[in-house]
Amino acid sequence: SSRNVRRDVCVGNKILNNRITGTRAEPIDVKEYSRDGVISGNYLDGSRLCKCPDAVSLINVKGNGYRIENNTGRNAIEEFFKTSQVDKAGDQARNNVFKGNKCLSKVRGNRACVRKPGGGSRGNKFY
């Protein structure tokens with residue numbers, strides 16, 4: 001039953017100063033129940049994203065309290081940097097700060113570089 005599922009709680013993860021290219025899935029996918037991490041100084045290229053089924057952004061944050069700053073991206077399908085909620089994951093994708101991130105190309109379909117999540121900000125901040 002779902003009551004017995006163990007949560008993978010990670011605290012303080014850091015993804016710093018990497019060059020991530022050639023991936024078919026989202027280069028950085030922050031999982032629900034993780035918190036208080038930093039994603040900074042990374043270069044991400046989504047030119048090989050497959051959109052299978054949801055590989056459409058470069059950084060997808062489902063955890064809480066992350067700082068996502070000074071990253072550079074190109075070739076995303078829908079958004080470069082975003083938050084998203086997972087059904088049945090409770091109070092997740094909250095209180096994240098996106099600051100100083102750069103988009104070097106247009107998103108396919110002229111969508112936003114950073115997506116402000118629907119249903120309210122949930123404490124997320126986009127600068």
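The values are calculated or read from the model by the stated rules, or taken from the named source; none is laboratory data. Treat the numbers as computed from the prediction; the structure is a model and nothing was measured. Cβ sites come from the backbone with ideal geometry, for glycine too, and all protein chains shown count toward neighbours.
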**OP:** Tell me which of these T21 doesn't satisfy, since it passes every other one: (1) modelled with pLDDT of 95 or more; (2) surrounded by 17 or more Cβ atoms within 10 Å (Cβ to Cβ); (3) over 20 Å from F126 (Cβ atoms).
**Re:** (2)
Subject >> Pick from the stretch 81-107, criterion more than 15 Å from K62 (Cβ to Cβ) and crowded, with 19+ Cβ neighbours inside 10 Å, ranking: modelled with the highest pLDDT >> reply: N101
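Would you check if R7 is of a type outside the set (G, A, S), touching a residue at least 24 places away in the same chain (Cβ under 8 Å) and out of contact with any Lys or Arg (no Cβ under 8 Å at 6 or more places or on another chain)? Spell out how you get there, then give the answer.
Numbers: of a type outside the set (G, A, S): yes; touching a residue at least 24 places away in the same chain (Cβ under 8 Å): yes; out of contact with any Lys or Arg (no Cβ under 8 Å at 6 or more places or on another chain): yes.
For R7, the condition - of a type outside the set (G, A, S), touching a residue at least 24 places away in the same chain (Cβ under 8 Å) and out of contact with any Lys or Arg (no Cβ under 8 Å at 6 or more places or on another chain) - is met.
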Original post:
Of the residues that sit in the stretch 42-69 and are among the small types (G, A, S) and surrounded by 15 or more Cβ atoms within 10 Å (Cβ to Cβ), which one is nearest to S84 (Cα to Cα)?
Top reply: G63
**OP:** State whether one or more residues within the stretch 13-25 are under 13 Å from the mean Cα position of the chain (by Cα) and assigned to a loop (DSSP other than H, G, I, E, B).
**Re:** yes
